[in-house]
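Notes follow the structure.
The values are calculated or read from the model by the stated rules, or taken from the named source; none is laboratory data. Just so it is clear, the structure is predicted and the values come from calculations on it, not from any experiment. Every residue, glycine as well, gets a Cβ built from its backbone with ideal geometry; the counts of neighbours run over all protein chains shown. SASA here: full protein model, heavy atoms, side chains in, ligands and nucleic acids out. Shrake-Rupley method; radii C 1.70, N 1.55, O 1.52, S 1.80 Å.
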Amino acid sequence: LRLDGVPTLGEDQSFKGMLFLLQDVTAIRRLENMRSEFVANVSHELKTPVAAVKGFSETLLGGGVKDEETARSFLKIIYDESERLNRLISDILDLSKIESKRSPMDYAPIHLDYFCASIMDTIATVAKKKRITLHSDIPEELFVEADEDKLRQILINLLSNAVSYTPDGGKVELSVRDRQDAEGLEKIIFKVSDTGIGIPKKDQPRIFERFYRVDKARSRSSGGTGLGLSIVKHLVELHHGEISVESELGIGTTFTVELPMLQE
Ligand code: ADP
């Protein structure tokens, strides 16, 4: 609690009394703490790849590496770490744009059949490398009113995770349905499911937090930034929708996104 006091004066400038203001600053403090924790996390996440780029390039420049194979493997590390920096910076910028509401919604009707087919095409190259079978189950002539770029980012982030966290030879599916909720509102339900490693029960409520990863090493090696799902959650909320997860270790995971078919 914060207490502020100011004297109140009469018309002739004589002292009349005191005005006290008692303010609950818990919410403000919490926000400040979250912000400084985020800055600390960001700095840490950026420092690791920068240190790798610096260290390996210093070694190469020092001329100590004589054989070409080792030199190439160092260059590959430098390249991969710069890619990671790139992804981190673009995710951080996306997140800050979304959170500061500098990203207005550009609603338009989206034909889900065509739209989802183009998204599956985008993901097909990565899936093929891991021999992952992609399925999609999208009814014809179904529309949703959404911001096309943001909806694309939601589905691509979920599908890329599904591919990343599924071992070679597994399956990833995108399905879309429409449904009326209890109040008679039309909803579009997207489900992204995989036959992957699954998420432990205790971690499920936390995976939408910024930089939260179940297995840091695994996320890093698959190129993750730890920001994908927090971006997805924000984007779903901007559409007045909801996201949930069901998962079983070693069996697979399903993310469900529910969006209103029409925006008010
Ligand atoms: P990352 O960049 O690490 O993938 P995300 O925010 O996208 O970050 O996801 C947070 C964490 O949730 C991941 O590190 C991973 O542990 C877990 N996760 C997300 N999607 C899946 C999935 N389909 N299967 C298993 N674990 C997942």
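The table below lists the values:
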read-out	value
Output for the stretch 22-35, where each listed residue is open to solvent by 60 Å² or more (accessible area, probe 1.4 Å) and either under 14 Å from Gly226 (Cα atoms) or of a type in the set (A, V, I, L, M) (or both)	Leu22, Ala27, Ile28, Leu31, Met34
Unmet criterion (only one of (1) charged (D, E, K, R); (2) closer than 21 Å to Val232 by Cα; (3) at pLDDT 95 or above) for Asp168	(2)
Strands (runs of 3 or more DSSP E) wholly inside the stretch 176-264 containing at least 2 residues that are closer than 25 Å to Glu37 by Cα, in contact with a strand residue (DSSP E or B) (Cβ under 9 Å, 6 or more places away or on another chain) and not polar (S, T, N, Q)	none
Elements of type strands (runs of 3 or more DSSP E) contained in the stretch 87-149, each with 2 or more residues being among the hydroxyl-bearing types (Ser, Thr, Tyr)	133-137
Selection within the stretch 50-81 - open to solvent by 50 Å² or more (accessible area, probe 1.4 Å) and either touching a His at 6+ places or on another chain (Cβ under 8 Å) or closer than 15 Å to Arg220 by Cβ (or both)	Val50, Ala51, Ile77, Asp80
Selection status of Lys187, of a type in the set (Lys, Arg), more than 8 Å from the ligand (Cβ to nearest atom) and under 22 Å from Asp106 (Cβ atoms)	yes
Complete set of residues in the stretch 114-129 that are within 16 Å of the ligand (Cβ to nearest atom) and without any contact (Cβ under 8 Å) to a residue 40 or more places away in the chain	Val126
Residue count, the stretch 36-49 (criterion: of a type in the set (A, V, I, L, M, F, W, C) and either surrounded by 13 or more Cβ atoms within 10 Å (Cβ to Cβ) or not in a helix (DSSP H, G or I) (or both))	3
Residue list for the stretch 221-234, restricted to those being more than 8 Å from the ligand (Cβ to nearest atom) and out of contact with any helix residue (DSSP H, G or I) (no Cβ under 6 Å at 6 or more places or on another chain)	Ser221, Lys233
When residues of the stretch 235-254 are limited to those that are more than 22 Å from Tyr107 (Cα to Cα) and surrounded by fewer than 21 Cβ atoms within 10 Å (Cβ to Cβ), the one farthest from the ligand (Cβ to nearest atom)	Ser244
Verdict on Phe190 being at pLDDT 95 or above and open to solvent by 20 Å² or more (accessible area, probe 1.4 Å)	no
Pairs, first within 17 Å of Asp203 (Cβ to Cβ) and open to solvent by 20 Å² or more (accessible area, probe 1.4 Å) in the stretch 215-234, second at pLDDT 95 or above and more than 8 Å from the ligand (Cβ to nearest atom), C-beta under 6 Å, six or more apart	Lys233/Ile243
Any hit, the stretch 130-144, residues being under 20 Å from Asp113 (Cα atoms), touching a helix residue (DSSP H, G or I) at 6+ places or on another chain (Cβ under 9 Å), of a type in the set (Ser, Thr, Tyr) and more than 16 Å from the ligand (Cβ to nearest atom)	yes
Matching entry among Val172, Val144 (being without any contact (Cβ under 8 Å) to a residue 60 or more places away in the chain, touching a strand residue (DSSP E or B) at 6+ places or on another chain (Cβ under 7 Å) and β-branched (Val, Ile, Thr))	Val172
Flag if Val257 is modelled with pLDDT of 95 or more and either buried (at least 21 other Cβ atoms within 10 Å of the Cβ) or more than 13 Å from the ligand (Cβ to nearest atom) (or both)	yes
Residue in the stretch 60-82 that is hydroxyl-bearing (Ser, Thr, Tyr), over 21 Å from Gly226 (Cα atoms) and outside any strand (DSSP E or B) present	yes
